[in-house]
DNA sequence: CACCAGGAATGTA
DNA sequence: TACATTCATGGT
């Protein structure tokens, strides 16, 4: 049973790394902002960008919506792709403001909300799902490069495209936001802790057949 | 020096 | 549909 295998891996990860308390942000606005800034970018650089935004009181969607792009660019430079991301943040901020913010958007069901998020230029599947799971607490599994690597290494799926992998987790696990939250966070944690060179890490904290590096 | 990091949009065939 | 390119900073 594939579901048992997924649970087995989850328990092993949780046992070694413990709870991760994701998303690493203080407010929902910061979750959304961070979700955009972290696109293909090391989290360390995202932290610097967010710190700059906070210092300038620009760490809210409303502030980003009302502030000149040039000021935002200066703040988020450490996160890279700052020209694109400034525009992306503007698009997302405008989306939330024009739709009445979290209070109105949370009234939509998950499929409808996901579709609307994907309609924002700069919000792809992973970013949309990160927002759904971590800002709206919806039972959506977030798939990233690490998740694909995990599935490939452990041969959990033939197809490695986003939808196939997401379906794998969501069809074989309970639709529990807490579970999906922790599972994704643990996969990222594990990926960061392991070398990416060897198929099986030397001194891997996990047993050999469960080493999650590639 | 090369290569990558919690992607997405756009262009090409 | 399936790849290739572009975007940009900072760490290893």
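The values are calculated or read from the model by the stated rules, or taken from the named source; none is laboratory data. The structure presented is a predicted model; accordingly, all values stated were derived computationally and were not measured. In this analysis, Cβ positions are derived from the backbone assuming ideal geometry, glycine residues included, and neighbour counts consider all displayed protein chains.
Observations on the structure shown:
- Flag if residue A:30 is more than 16 Å from DNA strand C (Cβ to nearest atom) and touching a helix residue (DSSP H, G or I) at 6+ places or on another chain (Cβ under 7 Å): yes
- For residue A:73, the conditions (1) in contact with a helix residue (DSSP H, G or I) (Cβ under 6 Å, 6 or more places away or on another chain); (2) in the same structural domain as residue A:178 (by TED's automatic domain parsing) are fulfilled apart from (2).
- Residue in the stretch A:8-20 that is over 26 Å from residue A:96 (Cα atoms), crowded, with 19+ Cβ neighbours inside 10 Å and more than 16 Å from DNA strand B (Cβ to nearest atom) present: yes
- No other residue among A:141, A:180 is away from DNA strand B (no atom under 11 Å from the Cβ), crowded, with 21+ Cβ neighbours inside 10 Å and over 21 Å from residue A:30 (Cβ atoms) apart from A:141.
- Screening the candidates A:67, A:60, A:86, A:110 for the property of being closer than 30 Å to residue A:13 by Cβ and either within 11 Å of DNA strand B (Cβ to nearest atom) or modelled with pLDDT of 95 or more (or both) yields one hit, A:110.
- Verdict on residue A:172 being surrounded by fewer than 19 Cβ atoms within 10 Å (Cβ to Cβ), over 29 Å from residue A:103 (Cβ atoms), modelled with pLDDT of 95 or more and more than 16 Å from DNA strand C (Cβ to nearest atom): yes
- Residue pairs meeting the criteria (Cβ under 8 Å; at least 6 apart or on separate chains; first closer than 19 Å to residue A:44 by Cα and in contact (Cβ under 8 Å) with a residue 12 or more places away in the chain, in the stretch A:67-91; second part of a loop (DSSP other than H, G, I, E, B) and away from DNA strand B (no atom under 16 Å from the Cβ)): A:72/A:58; A:75/A:56; A:75/A:58
- Answer from A:114, A:149, A:153, A:138 - the residue that is touching a helix residue (DSSP H, G or I) at 6+ places or on another chain (Cβ under 8 Å) and farther than 18 Å from residue A:23 by Cβ: A:149
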